[in-house]
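Data block below; observations after.
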Amino acid sequence: MQICITRSSRYAYSETFIRDQIKEFSELAQVHSIHSGRFPEKDEDGNLLSPKVFWGIHKFVKLFTGRNNYFSNYGVKKYLQKKKIDVVLTNYGISAVHMVPVCKALNIPLLAIFHGHDATDRKLLQQYKNKYPRLFEYASYLIAVSEDIKTQLIKMGADPAKIEVVPCGVDSSKFKPQTSTSDKKNFISVGRFTPKKGPLHTIRAFYKVIQEEPNATLTMVGSKSGLCGKCEQLVAELGIEKSIHFTGVLGPDEISNLMSSSLGFIQHSITAPNGDTEGTPVSVMEASSSGLPIISTLHGGIKQAVVHGETGFLVEEQDEDAMAKYILQICKNPALAKEMGTKGRTHIQKYYEQKEQIRKLHCLAEKAIKRSS
């Protein structure tokens with residue numbers, strides 16, 4: 001199988017799950033990756049897919065029309081033909097929309113993965129409301145990373161028979177749980193400082209925890225952009241700079257090491273003001289793989305990735321008091337934290353192991369190829 005996998009950026013620190021997807025897929029098929037923008041412009045080596053003249057004309061025409069055109073499609077079409085691509089797998093529905101004309105012209109089946117914002121952000125949905133129906137009609141499969149995203153796709157008019165729920169998954173072997181019970185009260189949170197991650201709610205909840213457990217600490221990992229400035233300001237206003245630390249972006253190994261030495265993982269995901277929601281957060285699955293109990297919200301795919309009362313605790317969105325209560329419960333009972341973490345790792349290995357998720361995608365790609373031949 002010759003498969004082309006698209007992604008919006010090659011080096012986005014928050015998209016390690018796509019890099020893992022490409023790596024794992026390479027064990028099952030011949031993978032070709034294109035990237036840069038909603039409609040890919042470059043190959044894996046960073047070379048433009050179109051001649052520079054065509055690329056320039058494409059930019060000029062799109063500036064005035066707002067649409068892709070012959071000059072936009074030329075490079076991608078030639079690339080797919082040259083590599084003899086059998087099937088295209090796009091990350092994000094908005095990118096899949098732009099691949100439809102090319103795939104249709106070449107009779108190449110298309111699989112589109114919806115990760116979250118591409119099915120929930122109201123501005124995007126308005127922008128693509130006349131484009132998504134064409135994707136829904138042409139795509140062989142629409143892949144939702146959570147049951148909530150599947151429900152949303154159906155509301156948008158997608159055929160339920162075409163939708164498959166396949167979370168990104170994690171490689172649990174990369175995460176090593178502690179072998180002994182720890183009396184440390186250190187917690188970790190990993191993710192971009194965006195509204196849907198609810199970092200301000202996390203901080204306010206943790207402030208309540210510190211009033212009862214002054215030795216508790218929270219390490220917040222993520223790019224110092226977005227809401228990070230407001231988060232740092234809130235921490236300063238509350239006078240808890242010694243209790244909450246901001247690391248900026250860290251590499252996968254550094255995050256894994258932090259998780260293995262933490263007592264629990266916190267993430268207060270919410271529906272953002274613009275409607276944007278989570279799919280199934282990779283950081284939550286990684287934390288469970290590390291043997292950490294999860295304290296999070298009844299939101300998106302978290303509801304399936306975390307079993308309330310068994311592998312962690314889930315609260316209603318914006319319920320900071322309930323979140324603080326459960327964090328304190330973990331603080332006061334490290335044996336419970338260990339037990340929940342162990343069950344969480346087992347849960348992830350059973351339902352979210354990365355190789356199994358990639359195998360599911362590979363099977364869908366094979367079915368799509370057979371149906372198109």
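The values are calculated or read from the model by the stated rules, or taken from the named source; none is laboratory data. What you see is a predicted model; the values in this text were computed from it and never measured. Glycine gets a Cβ as well: all are built from the backbone with ideal geometry, and neighbour counts include every protein chain shown. Heads up: the accessible areas ignore ligands, DNA and RNA and are worked out on the full protein's heavy atoms, side chains in. Shrake-Rupley method; radii C 1.70, N 1.55, O 1.52, S 1.80 Å.
Going by the structure shown, is Ala139 of a type in the set (A, V, I, L, M), open to solvent by less than 10 Å² (accessible area, probe 1.4 Å) and touching a helix residue (DSSP H, G or I) at 6+ places or on another chain (Cβ under 8 Å)? Spelling it out, Ala139 is indeed of a type in the set (A, V, I, L, M), open to solvent by less than 10 Å² (accessible area, probe 1.4 Å) and touching a helix residue (DSSP H, G or I) at 6+ places or on another chain (Cβ under 8 Å). Scanning segment 145-164 for residues that are open to solvent by 60 Å² or more (accessible area, probe 1.4 Å) and over 18 Å from the mean Cα position of the chain (by Cα) gives Ile154, Lys155, Asp159, Pro160, Ala161.
From the list Lys77, Lys62, Lys23, the lone residue that is more than 29 Å from Asn130 (Cβ to Cβ) and assigned by the TED database to the domain that holds Pro109 is Lys23. Scanning segment 263-290 for residues that are under 19 Å from Val170 (Cα atoms) and in contact (Cβ under 8 Å) with a residue 24 or more places away in the chain yields a total of 16.
Name the residue, out of Ser256, Ser243, Ser261, Ser289, that is modelled with pLDDT of 95 or more, open to solvent by 10 Å² or more (accessible area, probe 1.4 Å) and not charged (D, E, K, R).
Working: Ser256 fails: modelled with pLDDT of 95 or more; Ser261 fails: modelled with pLDDT of 95 or more; Ser289 fails: open to solvent by 10 Å² or more (accessible area, probe 1.4 Å).
Of Ser256, Ser243, Ser261, Ser289, the one residue that is modelled with pLDDT of 95 or more, open to solvent by 10 Å² or more (accessible area, probe 1.4 Å) and not charged (D, E, K, R) is Ser243.
Across segment 297-330, the number of residues qualifying as open to solvent by 10 Å² or more (accessible area, probe 1.4 Å) and on the phi < 0 side of the Ramachandran plot comes to 18.
Pairs meeting the criteria (first residue in segment 210-239 and in a loop (DSSP other than H, G, I, E, B), second residue acidic (Asp, Glu) and surrounded by fewer than 18 Cβ atoms within 10 Å (Cβ to Cβ), beta carbons under 8 Å, at least 6 apart or on different chains) are lacking. For segment 74-101, the set of residues classified as open to solvent by less than 30 Å² (accessible area, probe 1.4 Å) and more than 22 Å from Ile18 (Cα to Cα) consists of Gly75 only. Given the conditions (1) in a loop (DSSP other than H, G, I, E, B); (2) crowded, with 18+ Cβ neighbours inside 10 Å, which single one is not true for His58? All conditions are met except number (1). Considering the conditions (1) closer than 22 Å to Ile244 by Cα; (2) open to solvent by 30 Å² or more (accessible area, probe 1.4 Å), Thr346 is excluded by exactly one of them, (1).
Scanning segment 177-209 for residues that are touching a strand residue (DSSP E or B) at 6+ places or on another chain (Cβ under 7 Å), of a type in the set (Val, Ile, Thr) and open to solvent by 30 Å² or more (accessible area, probe 1.4 Å) returns no hits.
Within segment 21-55, the set of residues being part of a helix (DSSP H, G or I), open to solvent by less than 40 Å² (accessible area, probe 1.4 Å) and of a type outside the set (S, T, N, Q) comprises Ile22, Glu24, Phe25.
Would you confirm whether any residue within segment 215-235 is of a type outside the set (A, V, I, L, M, F, W, C) and open to solvent by less than 10 Å² (accessible area, probe 1.4 Å)? Checked against the condition, which is being of a type outside the set (A, V, I, L, M, F, W, C) and open to solvent by less than 10 Å² (accessible area, probe 1.4 Å), segment 215-235 yields at least one hit. Among the residues of segment 102-126, those identified as part of a helix (DSSP H, G or I) and open to solvent by 10 Å² or more (accessible area, probe 1.4 Å) are Lys104, Ala105, Leu106, His117, Thr120, Arg122, Lys123, Leu124, Leu125, Gln126. Residues that are part of a helix (DSSP H, G or I) and over 26 Å from the mean Cα position of the chain (by Cα) within segment 71-98 comprise Phe71, Ser72, Asn73, Tyr74, Gly75, Lys77, Lys78, Tyr79, Leu80, Gln81, Lys82, listed in sequence order.
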